[in-house]
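Here is the structure we will look at, set down as structure tokens.
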Amino acid sequence: MSEPSSISPEQEERERRIAELEARLSRRRVGVKPLAAVMAIVVAGALLWMQRRELAYFFSPRAPLTLGTEGAYRYEALVSNRYAQVHGIPTARGAYERTDNGLYVLVGLRESPLVVRRGALDGEEWAQGRPPPQPDQRPFAVRGRLLSEEDAPRYREALALLKSMGEVQPHEGRLWLLVEGEQPGADRGLVLVALALVAFMALNAGLLVRGLRKG
């Protein structure tokens, strides 16, 4: 019959310290995981909030608001971040914008608060360093995304320039921008990104709950 094994006081103390250290490290791991999950949720939520207007426009009605024609504009129909259509006579002067996708013209509609951003037409070629040409003066109809002046910060300077020229007439102190061609439901990539952010937030919410329960 074997004798029972004996453990020295030194070994007992060492094992006790190891157990305390393991418990302490375990508590720290549980504490870090919830913090990381909260940070991930906050960052993803902020990114999702930044896309709120684009998402709202994606799911907005696809039937365009009718803003009327020259001399009979329907100001009561002005709603920001909606698909709209209008017909009008262009102002004699405009603002030009060159992007990676080409040359664009911001031109007002006479006797209205409306400014249209559209692609440059033949005869509207503009070389930097030279005075911009006069926008095409033929009346036109256009459909696109309607934005109030406040919702179009990217074009603040161009709208201020057109306002200073005196050919457009602000309605209740503001201009309205119609971006040609942008239709609701067209940017499906935006929705995929939003769904990925929501899934990421849900995953981290689950990790947060699990970490708090372990704590």
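The values are calculated or read from the model by the stated rules, or taken from the named source; none is laboratory data. A quick note: this is a predicted structure, and the numbers were derived from the prediction, not measured. FYI the Cβ positions are ideal-geometry reconstructions off the backbone, even for glycines, and counts take in every protein chain you see. We work out accessible area using only protein heavy atoms, side chains counted, and drop any ligands, DNA or RNA first. Shrake-Rupley method; radii C 1.70, N 1.55, O 1.52, S 1.80 Å.
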Check: If you average the sequence gap of Cα pairs under 8 Å that are 6 or more apart and divide by the length of segment 132-215, what percent do you get for the contact order?
Finding: 34
Check: If you take the beta carbon distance between L103 and S164 as r and set R0 to 22 Å, what does 1/(1 + (r/R0)^6) give as a FRET efficiency, to the nearest 0.05?
Finding: 0.50
Next item on the list: Quick one: Debye curve from the alpha-carbon atoms of segment 145-215 only, equal weights, vacuum; give me log10 I(q)/I(0) at q = 0.17 Å⁻¹ to two decimals.
Entry: -0.76
Margin query: Quick check: pseudo-label points 7 Å beyond the Cα along Cα→Cβ at R52 and V79, how many nm apart are they?
Written below: 1.8
Item checked: Dipole magnitude (debye, nearest 20) for segment 79-145, charges at Cβ of Lys, Arg, Asp, Glu -> 260
Check: So how far, in whole Å, is the C-alpha centre of segment 173-215 from the one of segment 75-132?
Finding: 31
Item checked: Under-5 Å amide H pairs with E182, H placed in peptide plane, nonlocal only -> R145
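Once neighbouring chains are kept in place and the probe is 1.4 Å, which whole percent of the accessible area of segment 84-215 is contributed by carbon and sulfur? Show your work: numbers first, answer last.
Numbers: 3910 of 7460 Å².
The value for segment 84-215 is 52 percent carbon and sulfur by accessible area.
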Checklist line | Order by protection proxy (mean Cβ within 10 Å, highest first), peptides 45-51, 112-118, 182-188 | finding: 112-118, 182-188, 45-51
Check: If you place +1 on the Cβ of every Lys and Arg and -1 on the Cβ of every Asp and Glu, how big does the dipole about the Cα centre of segment 49-204 come out, in debye to the nearest 20?
Finding: 240
Notebook entry, point to check: Roughly how many nanometres apart are two label points built 7 Å out from the Cα toward the Cβ at L121 and A63?
Noted result: 3.0
Note to self: To the nearest 20 Debye, how big is the dipole of segment 144-215 about its Cα centre, given +1 on the beta carbon of each Lys and Arg and -1 on that of each Asp and Glu?
What the structure shows: 760
